[in-house]
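Data first, discussion second: the structure below is written as structure tokens.
The values are calculated or read from the model by the stated rules, or taken from the named source; none is laboratory data. This is a predicted model, so every value here is computed, not measured. Methodologically, a virtual Cβ is constructed for each residue, glycine included, from the backbone with ideal geometry; neighbour enumeration extends over all protein chains shown.
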Protein chains: 4
Amino acid sequence: MAVAVAGLGYWGPNLARNFDELGALVALCELDPALRERYAARYPQARMYGDFDELLADDGVDAVVIATPVPTHYALARSALAAGRHVLVEKPPAMRSGEIDELVATAAERDLVLMPGHLLLYHPGVRKLKSLIDSGDLGEVLCVYGNRQNLGIVRTNENALWSLGVHDLSVILYLLDEEPDACVAHGRDFLTEGVEDVVFCYLRFPSGKIAHMHLSWLDPHKMRKITVVGREKMVVFDDMELDRKVTVYEKAPWKRTDSYGEWQTRSGDISIPKIPTDEPLKLECQEFLRLVAGEGDRTKVAEDGARVVRALDRLTESLRER
Amino acid sequence: MAVAVAGLGYWGPNLARNFDELGALVALCELDPALRERYAARYPQARMYGDFDELLADDGVDAVVIATPVPTHYALARSALAAGRHVLVEKPPAMRSGEIDELVATAAERDLVLMPGHLLLYHPGVRKLKSLIDSGDLGEVLCVYGNRQNLGIVRTNENALWSLGVHDLSVILYLLDEEPDACVAHGRDFLTEGVEDVVFCYLRFPSGKIAHMHLSWLDPHKMRKITVVGREKMVVFDDMELDRKVTVYEKAPWKRTDSYGEWQTRSGDISIPKIPTDEPLKLECQEFLRLVAGEGDRTKVAEDGARVVRALDRLTESLRER
Amino acid sequence: MAVAVAGLGYWGPNLARNFDELGALVALCELDPALRERYAARYPQARMYGDFDELLADDGVDAVVIATPVPTHYALARSALAAGRHVLVEKPPAMRSGEIDELVATAAERDLVLMPGHLLLYHPGVRKLKSLIDSGDLGEVLCVYGNRQNLGIVRTNENALWSLGVHDLSVILYLLDEEPDACVAHGRDFLTEGVEDVVFCYLRFPSGKIAHMHLSWLDPHKMRKITVVGREKMVVFDDMELDRKVTVYEKAPWKRTDSYGEWQTRSGDISIPKIPTDEPLKLECQEFLRLVAGEGDRTKVAEDGARVVRALDRLTESLRER
Amino acid sequence: MAVAVAGLGYWGPNLARNFDELGALVALCELDPALRERYAARYPQARMYGDFDELLADDGVDAVVIATPVPTHYALARSALAAGRHVLVEKPPAMRSGEIDELVATAAERDLVLMPGHLLLYHPGVRKLKSLIDSGDLGEVLCVYGNRQNLGIVRTNENALWSLGVHDLSVILYLLDEEPDACVAHGRDFLTEGVEDVVFCYLRFPSGKIAHMHLSWLDPHKMRKITVVGREKMVVFDDMELDRKVTVYEKAPWKRTDSYGEWQTRSGDISIPKIPTDEPLKLECQEFLRLVAGEGDRTKVAEDGARVVRALDRLTESLRER
């Protein structure tokens, strides 16, 4: 498998390092000559390009990893797919539903991998949530909500929904595996006109489940948390904890048969399962290589990514209405 | 000052005890004969009634405290005001905007006190928040949000908005002292049809401030928290803490003059001021006696109470639309 | 069973209330006339005495509960046993090894119950520790330590060892069920000459186990905690927690067979078992009634109490040496 | 300034990196050829030696940093001083009082720097403790204690006192700036014979102050904490916290003048000052270069280091007695 990484600014170097460690890195692409020089020295075996078209002209490259600025994701992914390359593209892969649907269609047509880089989906703690849900351990899931507050940089070109919410939304949709039928967002732009600093999102699903996100970089609490409320148990994934990433609560509403149909809450043991400390980015890169190699369901990965963009697009529309 | 307490079920006994300790308790009223017997023994000096009209016929009573079930609040408060009595009525004093407006008008006409029992407004921690805001210490307030989760009983006759939200809403409106121009609520009834267990509320104010409430009794986290985000500082009131009820964060967005208009966050000292441990209920009862005695602004207290009911009414309407 | 409570100052009223609720309270004894009057009104069925000898002359009393000031415990317990009464005596039952050994001998001779009021031994959380140890779940217990800091009143007549340490020591000896062969204490009297405010105690047991206590009322941390380190698991009982009184850690040293005899630590799941919320004092009073009724091992209870006094006495001696 | 780093195993590479960044690294020394090769590639400008005597023969080296295994510290430091080199030696610089006193004497005679690498003394949080004490803000300091539990590797060649305690002891002696007149240690070797896993240390100072250390790698709690109890305020340095490294409590004993000479505790505000995030190791390396350059008090630094070794030596003796 021969992988190229395009974009060596903020996150790209981490991707390059991982694919190098996996023995798959063959090329790099970056506009800035200073960065090209630095990474050419670090990865002497990789061919270095200053132009994305030249990279695509390199026949020795099977797959392209796109870690360039967000507004360029869609166009570069489209070119790469058009050139017959498998694509791993940083989140969000596109800014509009129409764009992502087009990318998914192209990838499907040409049987190429189109994988968005939703890092959290490869976090062992999130995987634990998923397995607790899928095993039926939590009972019917009623509500999932995310808190992402006071983390990440205050941005002036991307609001809290796109900058922070994309993480929680990818997890929520992955856990529930359902497309929401209502997407409502509220928020305000306090610091930079048109860029919301505080955003609240409400999602409703056809199954009756609901979800919520509280997103803000203006907040005293540092939070990166996903809470899942099931009818039998409740689970919290708290990414600010070191040793207690996932906590399972035996806490549930409970209809006493001997009373007058009244609900009570029953609360029992709490458990904090050991979560492996595997690096999510490495797991993500390995998954990409597996998909390129023909293992796993490449259609599902692309579709899941599209679902996230569609929801972001609808939430943005809702935010603008108000 | 001669005070009567009506309703000796759940909360009434606490009110009776406080007014007794303040030397103002002269009468009690309760439908249940067993409760009448118990409290007649405890307060032998108080006249005991089994009927609210009889209580109102007692000329020795200046003020009536209404702690009966929620659906009766409005009608009993109306009767008491009509009979020329000052009224302290448990929250919510009414379920509809029209009702509370009518009560306020009656009280104003007859120059009577109409005070809703918003206990949290007399909490020294909430008073601290108010004084921090009013002193300008926090800078312009941008956002206030409340979390009230996994506390209080699962109810089948009152949803999380009315049962839990009334507390946070009274605090939010007290802190901002402004009537919201948008009130949106989302939520779901998982356990009892028509009774929402999980509710999210978004409020927008004419000044541009926003507020949010996360209300739920189906939750693994026990939370009773109000967070205020100011442009200079941020403050949290956490009622689950014993010694750290209020925390002030020197954390603020900050526009560097030497950079390209970019925002950064500046975070400095954290301080946890000592909060007096005075019992809020005692302070509430004292405030009522002061108002009855002609001190303080009785019009404002009634109006503030009405503002809470109007917002609850609009949030309920929003919740029903969806 | 007919029980009398002597001493209605600080803790006695709680004992009186519990024995009353258990239907066993027949008499009270108190020097202060004002307290006598108050409790005579509350317990009209109980005979009231102002003199301990008069109480002992009351033939209708089977058992005496002693909740008078600490320096009087020994003498009153001796009189009560001499008068053929079963005794529940607040901690510490005596201040010297010789005294407690005498009490134990007298009780044994006359086949009377002599139970010290070690409340914590009836705490469901401590019972959980004991059952985890006894079941072998923790593996061999290596070390137990207690932290009791910044709690309780600064005393001028009793040092931190006797005022705070008696609690932890009773638990440690109950858990290990062994008499220490070394008892060393260090500390300092900062506020009142001769009354140590900060005390550290080290105990060694014949089995090789060790224990430690950190006792202080001059401390910023509020702690009431017992930690048990086993070879397989570790457990913490934290009495400042509301819902998480007991936490079990799968954390253990672990000798890798494939390495060069090196030790590593293995850390696995954490679990927080649900602990019943039964009131310890009620359980203690019930236990006393059971012992008086001839159930359970009354010899062991007296002996266990003596072991605590002997260790306190030796620790005091060690403290004085330095 | 020309600095050489000897020992590139565990900690040496960090020292090499820092001195390189400070522009002072001219030579490296390491026994293992594989490590020599690796670091020769990373620092091509530095001369590489496989033998310490050869390093000392290099006239271009002013100062030697010793990061070799603990048992070699003393002998290498002695050789380096004998060769006229300034020395920064990892902790502990020696294992016996006699050895460190000899090193200090040699350094003083030849006016060379002898600085032990007590990293924590350069932590901005510890510096904050020191400045709070020295400013008189805490009032008279009564007691300092350290907790270092469940951190660091289980060692088979070095007990918890030397492996963990050296950190806390260096801080305690730095804060109090006094030589203890009593040093008592208790503990047990559970895993490896002769290597104590759990150690408790008590120190008493001529001024009447006391100190304590709880050291263990067999513990469920992860702790790295130093607590200072002053007569006016108390302070905690908690190195496991991210944003709340130092907490100052206005909590103090307080003799009411209007009462009968009784002590009460007064507790007021809590504050958490912002602590700079400067890297301690960089500050330590800069301090060494300053001392070599003739700034600061090189005698005091050497003497302070000796005080730590003398206390460790006495504690070890005490531990062995029992």
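Restrict the check to segment D:94-101 and report whether at least one residue is among the β-branched types (Val, Ile, Thr), over 23 Å from residue D:282 (Cα atoms) and either modelled with pLDDT of 95 or more or surrounded by fewer than 17 Cβ atoms within 10 Å (Cβ to Cβ) (or both). Within segment D:94-101 (the criterion being among the β-branched types (Val, Ile, Thr), over 23 Å from residue D:282 (Cα atoms) and either modelled with pLDDT of 95 or more or surrounded by fewer than 17 Cβ atoms within 10 Å (Cβ to Cβ) (or both)), the answer is yes, since at least one residue qualifies. Counting the residues of segment C:126-146 that are touching a helix residue (DSSP H, G or I) at 6+ places or on another chain (Cβ under 9 Å) and either of a type in the set (A, V, I, L, M, F, W, C) or closer than 23 Å to residue C:281 by Cβ (or both) gives 9.
Being touching a residue at least 12 places away in the same chain (Cβ under 8 Å), crowded, with 18+ Cβ neighbours inside 10 Å and either at positive phi or out of contact with any Cys (no Cβ under 7 Å at 6 or more places or on another chain) (or both), is that true of even one residue in segment A:253-265? Within segment A:253-265, one or more residues are touching a residue at least 12 places away in the same chain (Cβ under 8 Å), crowded, with 18+ Cβ neighbours inside 10 Å and either at positive phi or out of contact with any Cys (no Cβ under 7 Å at 6 or more places or on another chain) (or both).
Of all residues in segment C:114-160, those that are among the hydroxyl-bearing types (Ser, Thr, Tyr) and in a loop (DSSP other than H, G, I, E, B) total 2.
Could you go through segment D:2-19 and let me know if any residue there is modelled with pLDDT of 95 or more and more than 23 Å from the chain's Cα centre (by Cα). Scanning segment D:2-19, I find at least one residue that is modelled with pLDDT of 95 or more and more than 23 Å from the chain's Cα centre (by Cα), so the answer is yes. Taking segment D:262-284 as the range and being β-branched (Val, Ile, Thr) and part of a loop (DSSP other than H, G, I, E, B) as the test, the residues that pass are D:275, D:277.
Which residues, counting only those in segment B:12-34, are surrounded by fewer than 17 Cβ atoms within 10 Å (Cβ to Cβ) and under 19 Å from residue B:51 (Cα atoms)? Hits for segment B:12-34 are B:31, B:32, B:33, B:34. Cβ separations smaller than 7 Å between residues 6+ apart or across chains give the following pairs from segment C:19-36 residues that are closer than 13 Å to residue C:282 by Cβ to residues that are of a type in the set (Phe, Trp, Tyr): C:20/C:43. Only a single item in (1) touching a residue at least 40 places away in the same chain (Cβ under 8 Å); (2) touching a helix residue (DSSP H, G or I) at 6+ places or on another chain (Cβ under 9 Å) is not met by residue D:296, and it is number (1). Looking at segment D:120-142, I want the residues that are more than 24 Å from residue D:254 (Cα to Cα) and have a partner that is acidic (Asp, Glu) with Cβ atoms under 6 Å, at least 6 apart or on another chain. Which pairs are those? Correct list of pairs: D:122/D:284; D:124/D:278. Any residue in segment B:80-93 that is touching a Phe, Trp or Tyr at 6+ places or on another chain (Cβ under 7 Å), surrounded by fewer than 22 Cβ atoms within 10 Å (Cβ to Cβ) and on the phi < 0 side of the Ramachandran plot? No, segment B:80-93 contains no residue that is touching a Phe, Trp or Tyr at 6+ places or on another chain (Cβ under 7 Å), surrounded by fewer than 22 Cβ atoms within 10 Å (Cβ to Cβ) and on the phi < 0 side of the Ramachandran plot.
Inside segment C:161-204, can you point out the residues that are part of a loop (DSSP other than H, G, I, E, B), more than 9 Å from chain D (Cβ to nearest Cβ) and either within 18 Å of the chain's Cα centre (by Cα) or surrounded by fewer than 22 Cβ atoms within 10 Å (Cβ to Cβ) (or both)? Selection gives C:177, C:178, C:179, C:180, C:181, C:189, C:193, C:194.
Condition first: more than 8 Å from chain C (Cβ to nearest Cβ) and either free of Cβ contacts under 8 Å to residues at least 40 places away in the same chain or closer than 25 Å to residue D:156 by Cα (or both). Now tell me which residues in segment D:216-229 satisfy that. Selection gives D:222, D:223, D:224, D:225.
One line per residue, one yes/no per condition, for (1) within 14 Å of chain D (Cβ to nearest Cβ); (2) under 30 Å from residue C:240 (Cβ atoms):
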residue: B:231; (1), (2): no, no
residue: B:242; (1), (2): yes, yes
residue: B:252; (1), (2): yes, no
residue: B:282; (1), (2): no, yes
residue: B:289; (1), (2): no, no
residue: B:293; (1), (2): no, no
residue: B:305; (1), (2): no, no
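Summed over segment B:205-229, the residues that are farther than 30 Å from residue C:241 by Cα, assigned to a loop (DSSP other than H, G, I, E, B) and in contact with a strand residue (DSSP E or B) (Cβ under 9 Å, 6 or more places away or on another chain) give a count of 4. Within segment D:275-313, the set of residues being crowded, with 18+ Cβ neighbours inside 10 Å and either at positive phi or of a type in the set (Lys, Arg) (or both) comprises D:298, D:307, D:310. Suppose we filter D:247, D:299 for residues that are at pLDDT 95 or above and more than 30 Å from residue A:243 (Cβ to Cβ); which single one remains? One residue alone meets the criteria, D:299. Determine whether residue B:158 is surrounded by fewer than 22 Cβ atoms within 10 Å (Cβ to Cβ) and touching a helix residue (DSSP H, G or I) at 6+ places or on another chain (Cβ under 6 Å). Here the answer is no, as residue B:158 does not meet what is asked.
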